[in-house]
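A.B. asks: Please see the structure below; I have some questions.
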Amino acid sequence: MASDSSADVVIVGTGVVGCLVAERALDAGLSVLMLEAGPRVDRWRIVENYRNLPPSMRLFHWDAPYPPKPWAPHLETRVAKESEQYLQLEGPNARAYLQGYVRYAGGATWHWAGICWRLTPEDMRLKSLYGVGRDWPFGHDVLEPYYTAAEYAIGVCGPSDPALQWPPNAERSKPYPMGPIPFGPGETRLTEAAARIGMMNLPAPQARNSGVSYHGRPPCCGNNNCFPVCPIAAKYDAATALPKIEAKGGKILANAVVYRVETGEKNAVEAVHYFDPNKVSHRVTAKLFVIACNGIETPKLLLLSKDDRNSNGVANSSDQVGRNMMDQPKLFAEVELAEPLWTGVGPVQSSSILNTTQGEFRNRYAGAMFRMENFARSPLGSAAALKKGLVGKALDTEIRRLSACTARLTVEHEPLPLPINRLTLSSKTDWLGINKPNIYYDVSDYVRRSAKEYTVPRLQQLASELGATSFQLSPEFLNSDHIMGGCIMGSEAATAVVDADCRAHDHQNLFLPGGGAMPSGTASNSTLTMAALALKAADAITAQLKHG
Amino acid sequence: MGSSGHRLGALLIGFAGFLAADTSHAADTAAVIDRGAYLATAADCGACHTAPGREPFAGGLPISTPLGTIYSTNITASGEFGVGRYTEEQFSRALRRGVRRDGANLYPAMPYTSYAKFTEDDVHALFVYFTQAVKAVDHSAPKTELPFPMNIRLSMIGWNLLFLNSAAFVPDPNQSAEWNRGAYLVQGAAHCSTCHTPRGFLMQEQTSRALSGASVGPWYAPNITSDPTSGIGSWTKDDLVAYLRTGHLSGMAQAAGSMGEAVEHSFQHLTASDLEATAVYIKSVPAIHDPSDEASRFTAGRQSSELATLRGRDGVKSDNGADPAGALLFAGNCVSCHSAEGQGSKDGYYPSLFHNSATGAKNATNLIAAILYGVNRVTMGKQAFMPGFGGQPTDANPLNDREIMALGNYVLTHYGAGGTAITEQQVAEVRSGGPSSPLLMLARGGIAAAAVVLLLGIAFVLFRRRKIVSRPAAAS
């Protein structure tokens, strides 16, 4: 059994990656202690937080129902003063790294969309095929079983027709555990319009129960607020895994802010140290440590943990910790249409165009994923109609028109792992006196060229095919909330932080699974790949502890 | 030559006749097996004898009773562990008298008092089905070990003498064939009284109050007599058939707990004519009125919402504050599916919370149990699912007893019977599996032990009397 100060496996972070590793380790008979910086809050209270937000905060402020504790700060988009922000951002595209993860037990899956794309075999071989980025240290065939296991572990619904599955050129070992969620009227229209110009809008595989319960969680009932929170847990989030982990004997300590990784003989990790909310420090030992705080908090913690053996920080002999920060730089267009589109039926995202992510052009510019947001437009329509000074029936009519006849089209670009995009420790500190993360971000010419020559013209074409009467493009690149890089994977210890199992090259008993390890970002959502890497790491962890 | 040819011809005809007889025998057996399978479904043997995720009829399902946990037995064709070595007579004795092959008594968790109604023909069909068509599973189910004195199975002899009516079903010539078919199913295979008839001190069914409602573990099997206020007298025959087939009747009721299982595993598979016969008979069951019932449980409550008083009152918080009010719990836990005003969804998948027997009944047991355990029922390939809020590892919103009390009372006040108040103790009782028998409490004080001794005494006297009476016949 795990105690509050020791276990076979100590896992820092209770998001999807930490929880998947925890469940596998417990199933293998290992004792597990999880340390979470943030609080553990009832789902229904978060739901009520969301519903109590003022209308202006209810869209695009996904962090707002998750007010951070002083000891576990995260980005607060409603705080106006940037200087007081937790995330310190700089560089030509600072705005494109405004990552909205929350430090709550359950992690950022609390407010993810649930989209579960797999990478293509080409996505894992960018260097060999296109001469850009990095190759993965293993092929798609190695990852495939872990993709399948992840889909079954978190419950992914998706199409059974191979023609609608992604990637198109790699076999699946098992069908999706559930059938797809049907398209709403807006998505049906988009699919038809896109098909006319060679863009294939696919039903998105998503960790959301379609028509049936899965692992005791109910089917989706279409509340259409997957972010910021699924009120009934029809969408998987790691918070739903926490009681299962406890039922298997795992221990979870919330409000435990790990601030230092301690190494010992042979540079093995001996302990981690955390602060409780009274700023009292505790030391926790284990046979093996997993830092699963994703691509910002994990490198931050490693950089904080400098010692005599590791003068650049733990796991950082390659100097790659905190480098290669990636996310898909996003552009969107607000469009008005002559005919009603009616987004908002079903989940907030439910389909995407992916055939635009692949091609020989990737040697010159980024591939990109196109999609349409499927959230209900009524709050936006109401605000815009009120602004026009309308009253009475004219107001009602305009609200209805703006809710039905507007849409947001989005394009997310594939990033490259560039050492220049770098997380360092800011001189500014948080409530506990811990350095805030500082990130320099430049989307690079690879993405800018793609936007100019490829994606913006395609976006305009898509809008016009939908019948757009106006097209307003976002003025700058934005974040997609898919934090990658930071602890990059590779077979060479000199150029990568972790090996093919997400084990730190420098420390045999330290694992850093998750988005930080991904050697390529690609244009699609990262979570399923993170989950697959977690399960691959879990296999390595249990093998290492069970059989030495 | 002629005569030998004639003989050969006769032989061939005889052989053909033999062949025909053999095929028709096989067809007969297949038909008997089919009928046995149908009866096993009607009797819902699998509800208890098939544990989730295990082989059919291999037993091992823990059944919580007011006297302790009883494990269902293996009734597959396995010789060593099931009923494979039972003769038809032994099988019939187990099914209809509650006596095992080895002579030990079964507990009446096995509804043999209902199955006693089975005709010889139907017992035969069940015997053939279980011993020839059900796949043998060669492992034993866990042993039932009830606390003293209930662990003395012999005590059941006295119980049976007092409470087992061993007569098979006798049709009532004054009623229609449909009514009689319904009565046979309801009293026998479907064993409705096992749950819906209240039980007396010794756990016997109180036949004078047949089908007037009783506790079943954490759930309450309500009054299904023809009383228009306390029972289901307001339902049409079609209503009842639809309910039995789907477990759902919009604006009335939905099946959960063991009734949900009965609909899923048994009723939905019955023929239309058997469901109609069942409904015809149930509608004729004598009304039993509970004088404290002022209105039907199907008409209580109305559409309403207190959301306006909630919004903006509490800001966003990062703590699990103590003692939330019922209105807040309702908004956070219920309205996402049942709608802000409790009206459910238009297609009826999410039931309305008013005009609903779970909230309209004066006895709030089913409301509490539904919140704690949820609903999971599959009919016609479609699932009706409500998550539990009782703190199982799969429950996304675990609520404690106090929260469920507050939530339940809010629902009762706004959408249900009103006037009733759920207590924290009541929630705790339903959470722990329902009320336990006073028999068990008394047993701990030794009083029931005395009662059992007394029962054994009565049984012994009755047994001797019977022996004395039957002696002359035996002697002749």
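A.B. asks: Taking the condition facing chain B (nearest Cβ under 8 Å), buried (at least 22 other Cβ atoms within 10 Å of the Cβ), farther than 27 Å from residue A:281 by Cβ and not polar (S, T, N, Q), does residue A:217 pass? Before the answer, list the steps.
C.D. replies: Numbers: facing chain B (nearest Cβ under 8 Å): yes; buried (at least 22 other Cβ atoms within 10 Å of the Cβ): yes; farther than 27 Å from residue A:281 by Cβ: yes; not polar (S, T, N, Q): yes.
It is true that residue A:217 is facing chain B (nearest Cβ under 8 Å), buried (at least 22 other Cβ atoms within 10 Å of the Cβ), farther than 27 Å from residue A:281 by Cβ and not polar (S, T, N, Q).
A.B. asks: Let me ask something else about it. Name the residue, out of A:150, A:64, that is away from chain B (no Cβ under 11 Å) and either touching a residue at least 60 places away in the same chain (Cβ under 8 Å) or among the polar types (S, T, N, Q) (or both). Reasoning before the result, please.
C.D. replies: Values: A:64 fails: away from chain B (no Cβ under 11 Å).
Sole residue among the options that is away from chain B (no Cβ under 11 Å) and either touching a residue at least 60 places away in the same chain (Cβ under 8 Å) or among the polar types (S, T, N, Q) (or both): A:150.
A.B. asks: Here's another thing I want to ask about it. Restricting attention to the stretch B:40-94, which residues are hydroxyl-bearing (Ser, Thr, Tyr), assigned to a loop (DSSP other than H, G, I, E, B) and either in contact with a Pro (Cβ under 8 Å, 6 or more places away or on another chain) or buried (at least 17 other Cβ atoms within 10 Å of the Cβ) (or both)?
C.D. replies: First pass over the stretch B:40-94, keeping only residues hydroxyl-bearing (Ser, Thr, Tyr): B:41, B:50, B:64-65, B:69, B:71-73, B:76, B:78, B:86-87, B:92.
Add one more test, that the residue is assigned to a loop (DSSP other than H, G, I, E, B), and what stays is B:72-73, B:76, B:78, B:86-87.
Within the stretch B:40-94, B:72, B:73, B:76, B:78, B:86 qualify.
A.B. asks: Taking the stretch B:287-343, which residues are at positive phi and free of Cβ contacts under 8 Å to residues at least 40 places away in the same chain?
C.D. replies: Within the stretch B:287-343, B:312, B:339 meet the criteria.
A.B. asks: Still on this structure, I have one more. Only one of these is farther than 19 Å from residue B:256 by Cα, in contact with a helix residue (DSSP H, G or I) (Cβ under 9 Å, 6 or more places away or on another chain) and not aromatic (Phe, Trp, Tyr): B:360, B:326, B:344. Name it. Full working, then the answer.
C.D. replies: Values: B:360 fails: farther than 19 Å from residue B:256 by Cα; B:344 fails: farther than 19 Å from residue B:256 by Cα.
From the options B:360, B:326, B:344, the qualifying one is B:326.
A.B. asks: Restricting attention to the stretch B:317-339, and to residues there that are out of contact with any Gly (no Cβ under 9 Å at 6 or more places or on another chain) and part of a helix (DSSP H, G or I), which single residue is farthest from the other protein chains (Cβ to nearest Cβ)?
C.D. replies: Residues of the stretch B:317-339 that are out of contact with any Gly (no Cβ under 9 Å at 6 or more places or on another chain), as a first pass: B:317, B:319-323, B:325, B:327-329, B:331-333, B:336, B:339.
The next check asks that each one be part of a helix (DSSP H, G or I); those that pass are B:327-329, B:331-333, B:336.
Values: B:327: 11, B:328: 7, B:329: 7, B:331: 6, B:332: 3, B:333: 5, B:336: 4 Å.
The qualifying residue farthest from the other protein chains (Cβ to nearest Cβ) is B:327.
A.B. asks: Of all residues being within 21 Å of residue B:361 (Cα to Cα) and not in a helix (DSSP H, G or I) in the stretch B:391-427, which is nearest to the other protein chains (Cβ to nearest Cβ)? Just the residue, please.
C.D. replies: B:422
A.B. asks: So, in the stretch A:1-60, of the ones that are assigned to a loop (DSSP other than H, G, I, E, B) and of a type in the set (S, T, N, Q), which residue ends up farthest from residue A:292 (Cα to Cα)?
C.D. replies: A:52
A.B. asks: Can you tell me which condition residue B:282 does not meet? The list is (1) more than 21 Å from residue A:229 (Cβ to Cβ); (2) within 14 Å of chain A (Cβ to nearest Cβ); (3) not in a loop (DSSP other than H, G, I, E, B), and all the others hold.
C.D. replies: Going through (1) more than 21 Å from residue A:229 (Cβ to Cβ); (2) within 14 Å of chain A (Cβ to nearest Cβ); (3) not in a loop (DSSP other than H, G, I, E, B) one by one, residue B:282 breaks only (2).
A.B. asks: Also, quick follow-up: Give the residue, chosen from B:427, B:411, that is farther than 19 Å from residue B:302 by Cα and of a type in the set (A, V, I, L, M, F, W, C).
C.D. replies: B:427
A.B. asks: Can you confirm whether residue A:97 is of a type in the set (Phe, Trp, Tyr), more than 14 Å from chain B (Cβ to nearest Cβ) and touching a residue at least 12 places away in the same chain (Cβ under 8 Å)? Even if it seems obvious, please write down each step before you answer.
C.D. replies: On the way: of a type in the set (Phe, Trp, Tyr): yes; more than 14 Å from chain B (Cβ to nearest Cβ): yes; touching a residue at least 12 places away in the same chain (Cβ under 8 Å): yes.
In short, yes.
A.B. asks: Would you call residue B:455 at pLDDT below 85, more than 14 Å from chain A (Cβ to nearest Cβ) and surrounded by 16 or more Cβ atoms within 10 Å (Cβ to Cβ)? Reasoning before the result, please.
C.D. replies: Working: at pLDDT below 85: yes; more than 14 Å from chain A (Cβ to nearest Cβ): yes; surrounded by 16 or more Cβ atoms within 10 Å (Cβ to Cβ): yes.
Criteria met by residue B:455.
A.B. asks: Which of the residues that make up the stretch B:288-316 are surrounded by fewer than 16 Cβ atoms within 10 Å (Cβ to Cβ) and either within 12 Å of another protein chain (Cβ to nearest Cβ) or small (Gly, Ala, Ser) (or both)?
C.D. replies: Listed by number, the residues that qualify are B:292, B:295, B:304, B:307, B:308, B:311, B:312, B:313, B:314, B:315.
A.B. asks: I've got another one for you. Residues in the stretch A:220-235 that are outside any strand (DSSP E or B) and more than 8 Å from every other protein chain (Cβ to nearest Cβ): how many?
C.D. replies: Matching residues across the stretch A:220-235 total 10.
A.B. asks: Follow-up question, since we're still on this one. Quick one: residue A:193 ticks every box in (1) small (Gly, Ala, Ser); (2) within 30 Å of residue A:432 (Cβ to Cβ); (3) away from every other protein chain (no Cβ under 14 Å) bar one, so which box is it?
C.D. replies: (2)
A.B. asks: Can you tell me which of A:271, A:286, A:238 is small (Gly, Ala, Ser) and within 14 Å of another protein chain (Cβ to nearest Cβ)?
C.D. replies: A:238
A.B. asks: The conditions are (1) in contact with a strand residue (DSSP E or B) (Cβ under 6 Å, 6 or more places away or on another chain); (2) over 30 Å from residue A:454 (Cα atoms), and residue A:268 fails exactly one of them. Which is it?
C.D. replies: It is condition (1) that residue A:268 fails.
A.B. asks: Collect the residues in the stretch A:241-268 that are basic (Lys, Arg) and more than 14 Å from chain B (Cβ to nearest Cβ), keeping them in residue-number order. First the steps, then the outcome.
C.D. replies: Our first condition is that a residue be basic (Lys, Arg); within the stretch A:241-268, this holds for A:244, A:248, A:251, A:260, A:266.
Correct list: A:251, A:260, A:266.
A.B. asks: How about the stretch A:113-170: which of its residues are farther than 23 Å from residue A:365 by Cβ, of a type in the set (A, V, I, L, M, F, W, C) and assigned to a loop (DSSP other than H, G, I, E, B)?
C.D. replies: Of everything in the stretch A:113-170, those that are farther than 23 Å from residue A:365 by Cβ, of a type in the set (A, V, I, L, M, F, W, C) and assigned to a loop (DSSP other than H, G, I, E, B) turn out to be A:113, A:116, A:138, A:156, A:170.
A.B. asks: Another question, then. So which residues in the stretch B:224-251 are in contact (Cβ under 8 Å) with a residue 40 or more places away in the chain, over 14 Å from the mean Cα position of the chain (by Cα) and buried (at least 22 other Cβ atoms within 10 Å of the Cβ), if there are any at all?
C.D. replies: Of everything in the stretch B:224-251, those that are in contact (Cβ under 8 Å) with a residue 40 or more places away in the chain, over 14 Å from the mean Cα position of the chain (by Cα) and buried (at least 22 other Cβ atoms within 10 Å of the Cβ) turn out to be B:225, B:230, B:231, B:232, B:235.
A.B. asks: Tally the residues that are buried (at least 19 other Cβ atoms within 10 Å of the Cβ) and on the phi > 0 side of the Ramachandran plot, restricting the search to the stretch B:197-216.
C.D. replies: Selection size over the stretch B:197-216: 2.
The values are calculated or read from the model by the stated rules, or taken from the named source; none is laboratory data. All values reported here derive from a predicted model rather than from experimental measurement. When we count neighbours, we look across all protein chains shown, and the Cβ atoms used for this are built from the backbone with ideal geometry, even at glycine.
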